[in-house]
Amino acid sequence: MNTEYFIQEFYQYAGYPKYNKYNKTYSAGCPVCREGNSWGRKRRLYYLIESGQLFCHNCGWSGGIIKWLMQVASKSYDEF
């Protein structure tokens with residue numbers, strides 16, 4: 001699997017994504033919980049590139065990028 005592909009998909013499905021060059025993470029709005037009234041103002045979903053893990057500090061969702069894409073994009077594992 002290609003890291004660039006996952007970053008492209010993260011930008012497509014996450015809300016208001018932003019790259020933090022200091023700690024090498026991506027942050028965005030969580031499309032799973034939509035973060036209530038803070039949607040678009042706070043970024044509580046984090047994608048850790050080195051480990052390939054995502055974590056939402058709002059709803060507590062955590063897992064790998066494939067699991068996340070399967071949930072938000074409604075794709076099966078075979079489509080990756």
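The values are calculated or read from the model by the stated rules, or taken from the named source; none is laboratory data. Everything numeric in this text was worked out from a predicted model, so none of it was measured. Just the protein is used for accessible areas: all its heavy atoms, side chains included, with ligands, DNA and RNA removed. Shrake-Rupley method; radii C 1.70, N 1.55, O 1.52, S 1.80 Å.
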Check your understanding: Where Rh is the Kirkwood radius over the Cα pairs of the chain, the temperature 25 °C and the viscosity 0.890 mPa s, what D in µm²/s does Stokes-Einstein return?
Key -> 195 µm²/s
Review point. Can you list the lysines whose alpha carbon sits under 20 Å from that of residue 75, skipping same-chain ones fewer than 8 residues off?
Key: 67
Point to revise | Per residue accessible area in Å² of the chain, where ligands, DNA and RNA are left out and the probe is 1.4 Å | key: 63 Å²
Study note, to complete from the structure: Share of accessible surface on carbon and sulfur in the chain, whole %, 1.4 Å probe and ligands ignored, is 46 percent
Point to revise | Mean separation of Cα contacts under 8 Å (6+ apart) over length of the chain, as relative contact order % | key: 20 percent
